[in-house]
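Readers should treat all values here as calculations from the given coordinates under stated rules, not as data from a laboratory. In this text the structure is predicted, and so the values were computed from the model without any measurement. Every residue, glycine among them, receives a Cβ derived from its backbone with ideal geometry; neighbour counts consider all protein chains shown.
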Protein chains: 2
Amino acid sequence: MKHTISVLVENRFGVLARVSGLFSGRGFNIDSLCVGETDDPTVSRMTIVVRGDERVLEQIIKQLRKLIDVIKVSNLTKEEHVERELVLIKVSAMNKKRAEIMEIVNIFRAKIIDVDHQIVTIEMTGDEDKISALIELMKPFGIKELVRTGRIAISRGGR
Amino acid sequence: MKHTISVLVENRFGVLARVSGLFSGRGFNIDSLCVGETDDPTVSRMTIVVRGDERVLEQIIKQLRKLIDVIKVSNLTKEEHVERELVLIKVSAMNKKRAEIMEIVNIFRAKIIDVDHQIVTIEMTGDEDKISALIELMKPFGIKELVRTGRIAISRGGR
């Protein structure tokens, strides 16, 4: 099962290495991780998606809470939340393929953000299923390059 | 100056801790970092934004290339590229504030992805300037929660 963990941290040297080291030290592979500043530039938020045993995860969360630069840890899997991810896909688009690609892009409400004679670069946000579906549809055209942010998540409602 | 580094890695335990450790060990703070799978699930791509001296950065890049799980390192700052980031912002929206927020959301071509009596959650993609502008405009309403993916980037054109 995949778990989505949100960690608020002081924006300091080495905090990322310490947090990710806690997971890898326990044999957890990190599926995706995003870290970026919040509206307070001294504080960053990490969103980490991991697979693994829930009991071990609870131990890791306890250890995270003891780290000096960690402000707050939430296991969003246990709350109602919204998940989103951003992907950029560069696809080869010779000759008549471009119209076919455009059609799929429109259906997915994605955007074309770069184009030349040979390629089209697509931007899309969505949950993991939507992004996987777009990637599958683009594979036959030839994916030249693909970058995903990994998942970010926010709790629902006003609590 | 901010540098955007793209690192293709084998999707293995501990690679994230090793890569981020190389930066913090040299006193580089990581502004943002995203890591997610590519179209090949055994391979992940990390996009790292750092500030610091360019000469030291070149040394770090050389060391990154020597790491066993690192496939390719590109300094995208030196190539033409497109940058994007995703942000989720939960804003308090009591009474008549919602219409005001909606107006800003429309101007920015952002999206409302969650709403209740007290809050509105906004999703937007863009470059750093666009995202900072939206955050500034939302501050007066009261930002309850903010999550950013950090920057991802892809080279322009068909090379």
Of B:Leu57, A:Leu88, how do they rank once you tally other Cβ atoms within 10 Å and put the fewest first?
-> B:Leu57, A:Leu88
Hey, which of these cross-link pairs are over 29 Å Cα-Cα: A:Lys78/B:Lys66; A:Lys96/B:Lys78; A:Lys90/A:Lys130; A:Lys96/A:Lys144; B:Lys2/B:Lys62; A:Lys139/B:Lys130?
-> A:Lys78/B:Lys66; A:Lys96/B:Lys78; A:Lys139/B:Lys130
Taking the Cα atoms only, what angle lies between the long axis of helix A:15-25 and the longest principal axis of chain A, rounded to 10 degrees?
-> 90
When you count, for each residue, the other Cβ atoms within 10 Å and take the mean per peptide, how do B:61-71, B:147-157 rank with the highest first?
-> B:147-157, B:61-71
For region A:20-159, the convex hull over Cα atoms projects on average to an area in nm² of 10.8
Place +1 on the Cβ of every Lys and Arg and -1 on the Cβ of every Asp and Glu in chain A, take the dipole about the Cα centre, and give the residue among A:Val120, A:Thr42, A:Val70 whose Cα lies farthest towards its positive end.
-> A:Val70
Helix axis angle, B:97-107 relative to chain B longest principal axis, alpha carbon, degrees = 50
Using only Cα atoms, tell me the angle between helix A:128-138 and the longest principal axis of chain A; keep it within 0 to 90° and round to the nearest 10.
-> 30
Would you list B:Glu103, A:Glu100 from fewest to most Cβ contacts within 10 Å?
-> B:Glu103, A:Glu100
Note on chain A, DSSP bridge orientation, antiparallel percent to nearest 5 equals 100
For the A:Glu54, B:Thr77 Cβ pair and Förster radius 41 Å, calculated FRET efficiency rounded to 0.05 is 0.50
Once every DSSP H run of n ≥ 4 in the protein assembly as shown is given -39500 (n - 2.57) and the sum is divided by its residues, what mean residue ellipticity at 222 nm do you get, rounded to the nearest 500 deg cm²/dmol?
-> -9000 deg cm²/dmol
Evaluate peptide A:117-125: per residue, the Cβ atoms of other protein chains within 10 Å of its Cβ; return the mean as an integer.
-> 4
Cα-projected label distance for B:Arg26 with B:Ile143, points at 7 Å along beta-carbon direction, nm | 3.0
Which number comes out as Rg/Rh for the protein assembly as shown once both Rg and the Kirkwood Rh are worked out on C-alpha atoms?
-> 0.96
Per residue of B:42-48, count partner chain C-beta atoms within 10 Å of its C-beta, then hand back the mean as an integer.
-> 3
What is the fewest-to-most order of A:Ser6, B:Ser44 by other Cβ atoms lying within 10 Å of their Cβ?
-> A:Ser6, B:Ser44
Sequence-distant residues sharing a close amide H with A:Gly126 (under 5 Å, placed H) | A:Glu85
How high is the relative contact order of region B:34-159, in percent, counting Cα pairs under 8 Å that sit 6 or more residues apart?
-> 33
Overall Cα dimensions of region B:70-114, principal axis frame, Å, largest first | 52, 22, 13
In square nanometres and to one decimal, what's the mean projected area of the convex hull around the Cα atoms of region B:1-56?
-> 3.8
Could you work out the relative contact order of region A:95-159, using alpha carbon pairs under 8 angstrom and six or more residues apart, expressed as a whole percent?
-> 21
Would you mind pulling out the separation of the Cα centroids of region B:91-123 and region A:1-71, in Å?
-> 29
